[in-house]
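A short worksheet on the structure shown next.
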Amino acid sequence: MASWSCLLASSSSSTRQAMVVSCHNPMKILFVSAEAYPFAKAGGLGDVSYALPKALREQGVDVRVIIPKYKFSNKMRKGFKKKASYKTYIGWRTVDCSLWYCERENVPFYFIENPYYFGRKDIYGYEDDNERFIYFCKAILEGIKYMGDFVPDIIHCNDWHSALAVLFLEAFYRKDKRYQGIKTVFTIHNMIYQGAFGKDALWMLGVDEEKYYNEHCLKYYDGVNFMKGALSLADKITTVSETYAKELLNPWFSYGLEKVLNKRKKDFSGILNGIDYDVFNPETDEDIFFKYDKDHILLKLHNKLEMQRALGFKKDASIPMIGMVTRLTEQKGIDLIQYAVEEMLSMNMQLVVTGTGSIDYENMFKYYSSKYPNKVAAHINFNPKLSKKIYAASDMFLMPSKLEPCGLAQMIAMRYGAVPIVRSTGGLKDTVKEFNEYTKEGNGFTFKNFDAIDMIHSIKRALNIYSNKTLWEILIQNSMNAQNRWDNSAYKYIKLYKSLLK
């Protein structure tokens, strides 16, 4: 096991914390995910699976990422090296595996290749997703034998797609000396998606059913729940914000898994995600119209004027622009907007939305963009460059989420000086504090109840403060001064890893 010491040096709150991990034998972490930027990304998990390992490596941890080798990843295969070919099992069937390796910005990546499972158009959404990720988890555990001198101290699994790696380690590999000391961490990124399948998935697992298919492990009603297996067996469990960790102990948030989480309460904690300040930086961002920083806010205004021109809106600096970069789903609170949109659009404001999701919500935004072409622009797609333009152009950023485990969009918005208007839940509660015009503290606007009237009240309050340019400039500064770097989160993960390796 790794022997190491950690030195934390903190500077003033206005500067970045310096955190250095000095390791004679650096901790070895295998970070397991279904997606990771820049090779495969469907959502926030893809950002986290690149940025957190990057931050951990900067602090001296030997962390390496392993993901499937999707067909579309081949466009970025420069520097890929094949490490090994080997086999694993799905039930009674032998299945081929290939292990590949490359590095991007000092982050080592391993890839599991099997064209049948991963040579497809998308990451998720297939009828055999259960089999695909059972295979992935088995291939990871067997693949450790072919990683040379890298034998992880800890396997850090993320969401249901990698949950079974925790189970397979216990069920099949503990007798092998290489695996005996390996610890496990499992992170919940979104409890809605648990990997719940019918009982017919059991034959593919190949585990001792008497030992593992029961109410204390895999059994979920009459089916199988991959995430439940990891929550039962992992050495430590985390989720992506402190508030969401508390919420998940409540049945309303945990979707049937509150009992196992409450049972593991002493091993369960919330660690807030961060954002990559190199990727999201208005001072250097090539994707926005005009670069700026907190000392040159006037250039942010030029981004809005250029966006108004591009969208066909009235070009007027005094009209506040509200941005949304979101999945168009019930979880994101879009039904509140559906209920209140006419009242919103009666106000002096412009609304810019980009994202995809429910066809009903997509059609709603298309309808209102055609009905109010001077006030609403809806881009029903996923376009990272457009998203950053929206962050840079918006005066305010709306996130009325029903639940939000962490949320990265509000952190990015604050980085670009777009003041967040959010429902106070999960990571939104942890990162956005109500602005007080008397003390000048706070970085946004919040509402507690999942209620359209409360949301409208917060929007009106934001518009009222916007009319006071002195207060608004203070609010922009407060937002841009928010510290949501990955350094802070990485240090907390290091403390967690250390607790396992004592």
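Every number in this text was worked out from the coordinates using simple rules, so none of it is lab data. Predicted model only: the values in this text are computed from it and were never measured. Here the Cβ positions follow ideal geometry from the backbone for every residue, glycine too, while neighbour counts run over all protein chains shown.
Quick one: dipole size for the range 298-480, taken about the Cα centre, charges +1 on Lys/Arg Cβ and -1 on Asp/Glu Cβ, in debye to the nearest 20.
Working: 23 positive and 17 negative charges, 119 e Å.
That gives the range 298-480 a dipole magnitude of about 560 debye.
By the count of neighbouring beta-carbon atoms within 10 Å, fewest first, Glu437, Glu286, Glu404 end up ordered Glu286, Glu437, Glu404.
Using the alpha-carbon atoms, what tilt in degrees (0 to 90, nearest 10) does helix 359-371 show relative to the longest principal axis of the chain? It works out to around 20 degrees. Specify the angular offset, from 0 to 90 degrees and rounded to the nearest 10, of the alpha carbon long axis of helix 486-501 from the longest principal axis of the alpha carbons in the chain. Value to nearest ten degrees: 20.
Taking P(r) over Cα pairs in 20 Å bins from 0, in percent as the quantity of interest, determine which of (1) 18, 53, 27, 2, 0; (2) 23, 54, 23, 1; (3) 24, 57, 18, 1 was computed from the displayed structure. For P(r) over Cα pairs in 20 Å bins from 0, in percent, the calculated option is (2). Between helix 334-345 and the chain there is an angle of about 10 degrees, using the helix long axis and the longest principal axis of the Cα atoms.
Using the structure shown, list the pairs from Lys69/Lys138; Lys82/Lys385; Lys145/Lys265; Lys71/Lys332; Lys78/Lys121 with a Cα-Cα distance above 22 Å, or answer none. Numbers along the way, then the final one.
Numbers: Lys69/Lys138 15 Å; Lys82/Lys385 33 Å; Lys145/Lys265 33 Å; Lys71/Lys332 30 Å; Lys78/Lys121 20 Å.
Over 22 Å apart, Cα to Cα: Lys82/Lys385; Lys145/Lys265; Lys71/Lys332.
Exposure proxy shown here: for Cys102, Cys406, the number of other Cβ atoms within 10 Å sets the order, fewest to most, as Cys102, Cys406. Ordered by the count of other Cβ atoms within 10 Å of each Cβ, fewest first, Met480, Met455 give Met480, Met455. Helical runs (DSSP H, four residues minimum) scored at -39500 (n - 2.57) apiece and divided by the length of the chain put the mean residue ellipticity at 222 nm at -10000 deg cm²/dmol. Among Thr425, Trp92, Thr239, whose Cα lies farthest out toward the positive end of the dipole of the chain, if unit charges sit on the beta carbon of Lys, Arg (+1) and Asp, Glu (-1)? Farthest along the dipole direction, towards plus: Trp92.
Picking from Val353, Tyr438, Asn303, whose Cα lies most toward the positive end of the charge dipole for the range 298-480 (charges on Cβ: Lys, Arg +1; Asp, Glu -1)? My answer, from the dipole projection, is Asn303.
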